[in-house]
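The values are calculated or read from the model by the stated rules, or taken from the named source; none is laboratory data. Owing to the predicted nature of the structure, the values given are computational and were not obtained by experimental measurement. For neighbour counting, all protein chains shown are included, and Cβ atoms are generated from backbone atoms with ideal geometry for every residue, glycine included. Heads up: the accessible areas ignore ligands, DNA and RNA and are worked out on the full protein's heavy atoms, side chains in. Shrake-Rupley method; radii C 1.70, N 1.55, O 1.52, S 1.80 Å.
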Amino acid sequence: RPRVFSGMQPTNASLHLGNYLGALREWARLQDDHDAVYCVVDLHAITAGHDPEQMLHRTRVTAAQYLAGGIDPDRSTLFVQSHVPEHTQLAWVLSCITGFGEAGRMTQFKDKSARSGTESTTVGLFTYPVLQAADILLYNTDRVPVGEDQRQHIELTRNLAGRFNSRFGDTFVLPEPYIPEATAKIYDLQDPTAKMSKSVAGSGLIELLESPKTIEKRIKSAVTDTGREVVVDAENKPGVTNLITILSAFGDRPVERIEQDFAGRGYGDLKKEVAAAVLDIVVPFQRRVHELLDDPAELDSVLARGAAKARDVAGPTLETVYRRVGFLTAR
Ligand code: TYM
């Protein structure tokens, strides 16, 4: 079975609709016919300043959301990145075959560092995509299920894998991005030309663990467009198009059917149905997350088992890498 690997940062306590539709929902589906490895990437979450006390909680809440979203720790490998030291070890080796300019061309780095300024931009943020490449390459990953915003990082991963292979001998599988077409990019409900993002707090962000009342309110006050027809038109009706995408994904209803169903009806009706479809999934999801968090010891032991399984794969990969690079074996 082909292998998939993916991860999310525990930067906020809650995942948002984009994380869910662009990633988590696909991850759960992929378990049926893939050997799946899913990671809470805590090492990535300290690149831009963080609160140590919140970190611990956020790591558990993120893991609980994976489980509530359908990740089955008996079928898949679910673990926390910092529990598997091979990630940082491989990242160092890869950083030594990554060009400075090459890393500097990563658009996520350029955007984030431009926002915070050179003095408060960390070296960790700069080398972030190299650590991401290590995550993926340690597991001989065939496919990486992510949203559109991660495409460039997967491309860098492929380049580094190919470069390592040609310099040191065939070692890594070149991974393919696996990006769901319909939900690759969910937009902010207040600014439907911008991606929904954890780092842009505001009422256009729908967090899965937010109270159902707030979620409903935010959906109902989503920015729509001029005109009255409920039809997909990404250019002229980005707000309505985003809502249709969300309704289609949550309600398992094709976009064309939605357009037909809403013929002669307005935006208000659309928002009502979007809110209902989202809450149908989100309310039981929240209940499950809270149950899981009621027993942190059990959650931690699930994660410890996952880390042991992950190391069984990551350890041998790193050993091969060290040997190929020419490091002396400790005996
Ligand atoms: P992160 O934590 O920012 O996002 C987690 C996943 O959610 C997707 N996503 C979206 N999809 C659709 N619409 C949106 N508005 C939206 N916002 C976020 C992201 O594409 C991602 O799939 N660098 C990664 C974490 C990472 C990783 C990895 C991923 C670290 N190592 C190895 C894959 C493989 C990140 O910051 O994701």
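For segment 33-101, run through the trypsin sites (Lys or Arg not before Pro) and keep only the ones in DSSP coil with at most 13 other Cβ atoms within 10 Å of their Cβ. Those satisfying the criteria are Arg75.
Note on surface exposure: His16, His57 rank His57, His16 by accessible area, highest first, 1.4 Å probe. Placing pseudo-labels 7 Å out from each Cα toward the beta carbon at Val200 and Tyr322 gives an inter-label distance of 4.4 nm. Annotation: amide H of Leu205 within the under-5 Å range of Leu189, sequence separation 5 or more or interchain, hydrogens built in the peptide plane.
Length gained on full extension, Asp312 to Arg257, computed as 0.36 nm times the residue gap minus the Cα-Cα distance: 15.1 nm.
Before rounding to the nearest 500, sum -39500 (n - 2.57) across all DSSP H runs of length at least 4 in the chain and divide by the residue total; then give [θ] at 222 nm in deg cm²/dmol.
Numbers: 12 runs with 168 residues, N = 331.
Roughly -16500 deg cm²/dmol at 222 nm, from the helical runs in the chain.
Structure remark: mean-square fluctuation, Gaussian network model of the chain, C-alpha springs under 10 Å; the largest value among Gly251, Gly169, Gly117 belongs to Gly117.
Each label point was placed 7 Å from the Cα along the Cα-to-Cβ direction; for Asp225 and Gln54 their separation is 3.5 nm.
Computed from Cα atoms, the angle from the helix 151-168 axis to the main principal axis of the chain rounds to 20 degrees. A Gaussian network model of the chain, with springs between Cα atoms under 10 Å, assigns the largest mean-square fluctuation among Gly124, Gly99, Gly69 to Gly99.
How charged is the neighbourhood of Pro316? Take every other residue with its Cβ under 11 Å from the Cβ of Pro316, and add Lys/Arg as +1 and Asp/Glu as -1. Intermediate values should be presented prior to the final figure.
Numbers: positive: Arg311, Arg323; negative: Glu86, Asp312, Glu319.
Charge balance in the 11 Å sphere: -1.
Filter the GluC sites (Glu not before Pro) in segment 77-181 to those in DSSP coil with at most 15 other Cβ atoms within 10 Å of their Cβ, and list the result. Present the calculation step by step, with values, prior to reporting the outcome.
Values: sites: Glu86, Glu102, Glu119, Glu148, Glu155, Glu181; in loops: Glu119, Glu181.
Hits after loop and neighbour filter: Glu119, Glu181.
Within the listed set Val123, Val313, Val274, the residue fluctuating most in the Gaussian network model of the chain (springs between alpha-carbon atoms under 10 angstrom) is Val123. Each other residue within a Cβ distance under 13 Å of Val173 adds +1 if Lys or Arg and -1 if Asp or Glu, for a net charge of -1. Ranking of Thr107, Thr157 by solvent-accessible surface, largest first: Thr107, Thr157 (1.4 Å probe, protein heavy atoms only, all chains present).
Given a cut-off of under 8 Å on Cα pairs at least six residues apart, what relative contact order in percent is computed for segment 75-225? That works out to 17 percent.
What the chain shows is 47 Å² of accessible area per residue, with the surface traced by a 1.4 Å probe over protein heavy atoms.
Here's the picture: charge each Lys and Arg Cβ at +1 and each Asp and Glu Cβ at -1 in the chain, and of Leu292, Tyr322, Thr121 the one pushed furthest to the positive end of that dipole is Tyr322. Within the same chain, lysines fewer than 8 places from Lys198 are excluded, and of the rest, those with a Cα less than 17 Å from its Cα are Lys112, Lys185. Computed packing ranks the peptides 26-38, 294-306 as 26-38, 294-306, most packed first, by mean other Cβ atoms within 10 Å. The mean sequence separation of alpha-carbon pairs under 8 Å and at least six residues apart, normalised by the residue count of the chain, gives a relative contact order of 22 percent.
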